[in-house]
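Scroll down for the structure; my scribbles are underneath it.
No lab work stands behind these numbers, since they all come straight from the coordinates. Just so it is clear, the structure is predicted and the values come from calculations on it, not from any experiment. Positions of Cβ are generated from backbone atoms using ideal geometry, with glycine treated the same way; all protein chains shown enter the neighbour counts.
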Amino acid sequence: MAKTPKVVIVMPAYNAARTIKKTMADIPKNLAAQIIVVDDGSTDETVAVAKKLKLSVFEHPANLGYGGNQKTCYWEALKKKPDVVVMLHPDYQYDASLIGELIRPILAGRYDVMFGSRIRTRQEVLAGGMPLHKYLLNRLLTPVENIILGVNFSEHLSGFRAYSLKALQTIPFQRFSNDFVFDQQFMAAAVARGLRVGETAVPVRYYHDSSSIQLIKGGKFLGETFLTLLLFLLDRWGLVRSKLFH
């Protein structure tokens, strides 16, 4: 009898009290062996709501940042010896009913990393509520990352991701930034280490309650993203050995 794959879902949460229950309702029944919520110093009732939903909750005493939150998520998930770990934002921005589609290529052994891409057509993206400036940033940044990393994805900014056990054991994610650039560093490290990365289409879903990076932090994110790409190139050319990739 085939072994049932162990799927662990992690939710990096910050002030998600109004959306976490809706997010949970969309997760396919009996899909996840465990759902872990890491609260990053929320000032609302995120922890209370998560505990009421009987989720495994871990609390940061202070806000560490988006990347710092994910580090705890994956650290705790790895203790469960999962076959695949899904990172799902609890702000209802991503359609959790599609988790099965996201993880299927990993469970089939075709990919090590998968992410949900929201970019198919401009009309669909804007109709789904993505602000115009975020769409334009996505369209400008994605070709640059594709060229430097040697890939051809439709976007690089999705927060709906899945990782095989191999990927999380291989990538030195504890060395990455605690800030928003964490996902970009993870992707660059995955490519540098030869992991197989794939994408699947997901709908665009922006709401008033959905989290969003602000202008100043967005500028910092862009600067750190380009620095990551520069380090990737220097490492690839053998000029600088970066701890992000080794």
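Simple spin-label model, 7 Å along Cα-to-Cβ: V144 to K6 in nm?
Simple spin-label model gives 4.1 nm for this pair.
Using DSSP, restrict attention to beta bridges with both residues in the chain and report what percent are antiparallel, rounded to the nearest 5.
Rounded to the nearest five, the antiparallel share is 25 percent.
Once you place label points 7 Å from the Cα toward the Cβ at E59 and R236, how far apart are they in nm?
For the pair E59/R236, the computed spacing is 4.5 nm.
Each label point is 7 Å from the Cα along the Cα-to-Cβ direction; what then is the distance between the points at N30 and K52, in nm?
2.8 nm
What aspartates and glutamates sit close enough to K3 to cross-link, taking a C-alpha to C-alpha distance under 18 Å and skipping anything fewer than 8 places away on the same chain?
In chain and number order, the partners are D83.
Tell me, in nm to one decimal, what length is gained between K243 and L137 on full extension, where the rule is 0.36 nm per residue of separation less the Cα-Cα distance?
35.4 nm
Could you tell me which of the pairs K54/K79; K22/K217; K52/K217; K22/K166 are separated by over 29 angstrom between their Cα atoms in the structure shown?
Cα-Cα > 29 Å for K52/K217; K22/K166; rest within.
Please name whichever of T46, F58, A17 sits farthest to the positive end of the charge dipole of the chain, dipole taken about the Cα centre and charges placed at Cβ: Lys and Arg +1, Asp and Glu -1.
Value computed over the given set: F58.
If you put +1 on each Lys and Arg Cβ and -1 on each Asp and Glu Cβ, how big is the dipole of the chain around its Cα centre, in Debye rounded to 20?
Dipole of the chain, to the nearest 20 debye: 600 debye.
Determine the dipole magnitude for the range 1-96: charges of +1 sit on the beta-carbon of Lys and Arg, -1 on that of Asp and Glu, nothing else is charged, the reference point is the Cα centre, and the result goes in debye to the nearest 20.
Dipole about the Cα centre, nearest 20: 480 debye.
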